[in-house]
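Heads up: the structure comes next, in C-alpha cells.
The values are calculated or read from the model by the stated rules, or taken from the named source; none is laboratory data. Everything numeric in this text was worked out from a predicted model, so none of it was measured. We place every Cβ from the backbone using ideal geometry, glycine too, and count neighbours over all the protein chains shown. Accessible surface is based on the protein model in full, side chains and every heavy atom, while ligands, DNA and RNA are left aside. Shrake-Rupley method; radii C 1.70, N 1.55, O 1.52, S 1.80 Å.
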Amino acid sequence: MSETEFTADVLVVGAGPTGLLLAGDLATAGLRVTVLEKRAEESPLTRAFAVHARTLELLDARGLADELIATGRTVSSLQLFGRIRIDLAGLPTRFPFVLVTPQYNTERVLRERAVKAGADLRRGVEVTGLRQDAEGVTLTARTADGEQGFRARYAVGADGVRSSVRDLLGIPFPGESVVRSVMLADVRLEHEPEELLTAGAGEAGFAFLAPFGDGWYRVVGWNREHQAPDSDPVVLAELADLLREVTGRDFGMGEARWTSRFHSDERQAPTYRSGRVLLAGDAAHCHSPAGGQGMNTGLQDAANLSWKLASVLRGWSPDALLDTYQTERHPVGRAVLRSSGALVRLALGRHAPARALRSAIGAAANHLGPLAESGAKQVSGIGYAYPAEKGAHPLVGRRVPDLRLAVDEPGGPARLHEALRSGRAVLVSNDELSVADSWAERVVTAAPADPHGKLRDTVLLVRPDGYAAWACADPTRGELRTALSHWLGRP
Ligand SMILES: Cc1cc2nc3c(=O)[nH]c(=O)nc-3n(C[C@H](O)[C@H](O)[C@H](O)COP(=O)(O)OP(=O)(O)OC[C@H]3O[C@@H](n4cnc5c(N)ncnc54)[C@H](O)[C@@H]3O)c2cc1C
C-alpha cells in the first residue's frame, strides 16, 4: 500500500468497549473509521458487570442508556467489606445507581450503534506493525489471508491491557501486580441475597457477590491460603466456603455456567499519545476490579477523545487539542488507580492496621455524610472535573448535569443529554444568540427550561462530552464570538 493512500480517517485497534464507543462516535460524526479486532468471534465472556452513573449519562447522551438498563438490574448502594456502605441513591444524576449487566451487553449495544453509523469492523485482524509519519499512520496486521496494511490520519490503541499498539510505540507500562489468583464464577444461588452488591473480607481472604439480574450471580473470591496459577480450575466448594466465611452468610451455591481465575495489575502509561497515535482504556491504564471502574474509565476516555479527533479531522481545531486528552484523562486514570488500589489493599490486609482501617472507614463512611458522598461521586464517575484556566468561570471543566431545556419545537430536546445526541456542542442561554448561527453545523442552541434558575444570566457552552467548555455571565457578542471560535473553530 502506498504511503499516500488513506483507507480511513481513524484506525481503532480493539473492539472492546473503549474501541466500540470511540468508533461509534467517530462514525456518527461522519468520519471513516476502521476497527481492527484480532478475535475472529465475539467474546462470550464477561469481565465488567458494573456500569456507573457517569457512564450511563454518556450513554444517555448517545440514546443508549435505556436499552442497556433494560438488560440488567440496578442497585442503589454498594456494600464493601461488610461495613462500608456507599449510598448512590442521593447522587445528583438521572442514574443514582449502579447498573449490573454483563460486559457483553454493553459491548453489543455499542457495537450495533457503531456498525449502524458506518464503522467498518474487521474481525480476525491482529495488528503487528506500526509506522507513522507527518501525514498519517500505517498499521500492518496478520489476517487469515496473510499480512494486510491499513493507513489513516490517526490511530487509537484500544487493544487492552496487553496492548500491541503501546508496545509498538515503545511506551512503557510501569506498575505492579496487586493481587494474584482471584477466582471468578457465575453461579445460581439457593438463597438470594437482598438487593445490594455484597462483599466481605476477613482472615480467609475476600469475596464479592453481584446479581446479573437474570437469576445468575457473579462471585469473585480470593483465598489467602490457596494461591493457584491462573490456569488452575476453580473449585466451587472452595469459593462457597470462602463466601460463607467472609460474609458470615450461607447463600447455598448451585450450578456454575462459567468459571475463571485472574490476576490483577496496577499500571499506567506515562503518556497517552505518541504523534498520531493515542492510547485509550485498558491499553492506557489498568487497575484492580475493586469498585468496578476499568471499563467505565475506558468509556470515558473514549468520550473525551472522540469529539477532539473529530474536530481536528474536520479542520475545526488544531492538532494541539489532542494534547488535552492527556492533560484531562491521565490524572483521572491515576486517581482511579489510587482509589481502586486502596480498596483492594484494604480487602487484602490481614494485619491489625488494615482491619482497624476497615472498621474506621466503615464507621466514618456510615456516619460522616461528606466522606460517603465524595466516595460515591468518585466511584460513580460524576465527581471528576477537568483542569480549567486560571480565572475561568467556576463551571468550566465541570460535568454539566442533565439540564432541563425549553422545548422550542415538537420533538425537540427537552434535556441536555437529548441535545448532546446530535454529537455537537450545546450552547445554553436564555437569550437568542444569533452570533451562533454561523456555527449551526457545530453547535445546538437551547434555553434552560427555567429562565429564572441558576443559569438565568449565564451563557454556557457544553462540549460534546458533557463538560463545560466556557461560561460567562452576560457576555458581549465579541466575547461569545471569541469563545465559539476558540472551541468550535472559525465559522
Ligand atoms: C474480573 C474482572 C472484573 C471486572 N469488573 C469490572 C467492572 O465491574 N466494571 C468495570 O468498569 N470494569 C471492570 N473490569 C475491567 C474491564 O473489563 C476492562 O477495563 C475493560 O474490558 C477494558 O475495555 P477495553 O475496551 O479498554 O479493553 P478490552 O476489553 O480488553 O478490549 C481490547 C480488545 O482489543 C483486542 N486486541 C488486543 N490486541 C489486539 C491487536 N494486536 N490487534 C487487534 N485487536 C487486538 C482484544 O481482542 C480485545 O477485544 C473487570 C476486569 C476483570 C478482569
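I need the full set of residues from segment 35-51 which are open to solvent by 10 Å² or more (accessible area, probe 1.4 Å) and either of a type in the set (S, T, N, Q) or over 30 Å from ALA185 (Cβ atoms) (or both), in order please.
Residue satisfying the conditions is SER43 alone.
Somewhere in segment 310-323, is a residue part of a loop (DSSP other than H, G, I, E, B), open to solvent by less than 30 Å² (accessible area, probe 1.4 Å) and at positive phi?
No.
Of the conditions (1) within 25 Å of the chain's Cα centre (by Cα); (2) at pLDDT below 95; (3) open to solvent by 40 Å² or more (accessible area, probe 1.4 Å), ASP437 fails just one. Which one is it?
Tallying (1) within 25 Å of the chain's Cα centre (by Cα); (2) at pLDDT below 95; (3) open to solvent by 40 Å² or more (accessible area, probe 1.4 Å), ASP437 fails exactly one: (1).
Would you point out which residue out of LEU299, LEU279 is open to solvent by less than 40 Å² (accessible area, probe 1.4 Å) and in contact with a Gly (Cβ under 6 Å, 6 or more places away or on another chain)?
LEU279
Is there any pair with a first residue in segment 324-335 that is touching a residue at least 60 places away in the same chain (Cβ under 8 Å) and a second that is basic (Lys, Arg) and part of a helix (DSSP H, G or I) whose Cβ atoms are under 6 Å apart and which are 6 or more apart or on different chains, and what are they?
Final answer for the pair search is none.
If ASP230 satisfies all but one of (1) part of a helix (DSSP H, G or I); (2) within 13 Å of the ligand (Cβ to nearest atom); (3) surrounded by fewer than 24 Cβ atoms within 10 Å (Cβ to Cβ); (4) not small (Gly, Ala, Ser), what's the number of the condition it fails?
Of everything listed in (1) part of a helix (DSSP H, G or I); (2) within 13 Å of the ligand (Cβ to nearest atom); (3) surrounded by fewer than 24 Cβ atoms within 10 Å (Cβ to Cβ); (4) not small (Gly, Ala, Ser), ASP230 misses just condition (1).
Checking CYS286 against (1) in contact with a strand residue (DSSP E or B) (Cβ under 7 Å, 6 or more places away or on another chain); (2) free of Cβ contacts under 8 Å to residues at least 60 places away in the same chain; (3) within 15 Å of the ligand (Cβ to nearest atom), which test does it fail?
CYS286 satisfies all of (1) in contact with a strand residue (DSSP E or B) (Cβ under 7 Å, 6 or more places away or on another chain); (2) free of Cβ contacts under 8 Å to residues at least 60 places away in the same chain; (3) within 15 Å of the ligand (Cβ to nearest atom) except (2).
Does THR271 satisfy being out of contact with any Asp or Glu (no Cβ under 6 Å at 6 or more places or on another chain), under 28 Å from ALA302 (Cα atoms) and open to solvent by 30 Å² or more (accessible area, probe 1.4 Å)?
Judged against the criteria, THR271 is a match.
Against the definition (touching a residue at least 40 places away in the same chain (Cβ under 8 Å), within 28 Å of LEU313 (Cα to Cα) and open to solvent by 50 Å² or more (accessible area, probe 1.4 Å)), how does PRO491 come out, yes or no?
The answer is yes for PRO491.
Just to verify a result, which residue in segment 118-135, among those that are open to solvent by 40 Å² or more (accessible area, probe 1.4 Å), within 17 Å of LEU22 (Cα to Cα) and touching a helix residue (DSSP H, G or I) at 6+ places or on another chain (Cβ under 8 Å), is nearest to the ligand (Cβ to nearest atom)?
Checking each candidate, the answer is LEU121.
Which ones in segment 148-166 are more than 11 Å from the ligand (Cβ to nearest atom), over 13 Å from LEU36 (Cβ atoms) and open to solvent by 50 Å² or more (accessible area, probe 1.4 Å)?
Correct list: ARG153 only.
In this structure, is GLY294 open to solvent by less than 10 Å² (accessible area, probe 1.4 Å), within 15 Å of the ligand (Cβ to nearest atom) and under 10 Å from the mean Cα position of the chain (by Cα)?
Spelling it out, it is not the case that GLY294 is open to solvent by less than 10 Å² (accessible area, probe 1.4 Å), within 15 Å of the ligand (Cβ to nearest atom) and under 10 Å from the mean Cα position of the chain (by Cα).
Would you mind telling me which numbered condition in (1) under 26 Å from VAL51 (Cβ atoms); (2) assigned to a strand (DSSP E or B); (3) within 24 Å of the chain's Cα centre (by Cα) GLY160 fails?
(2)
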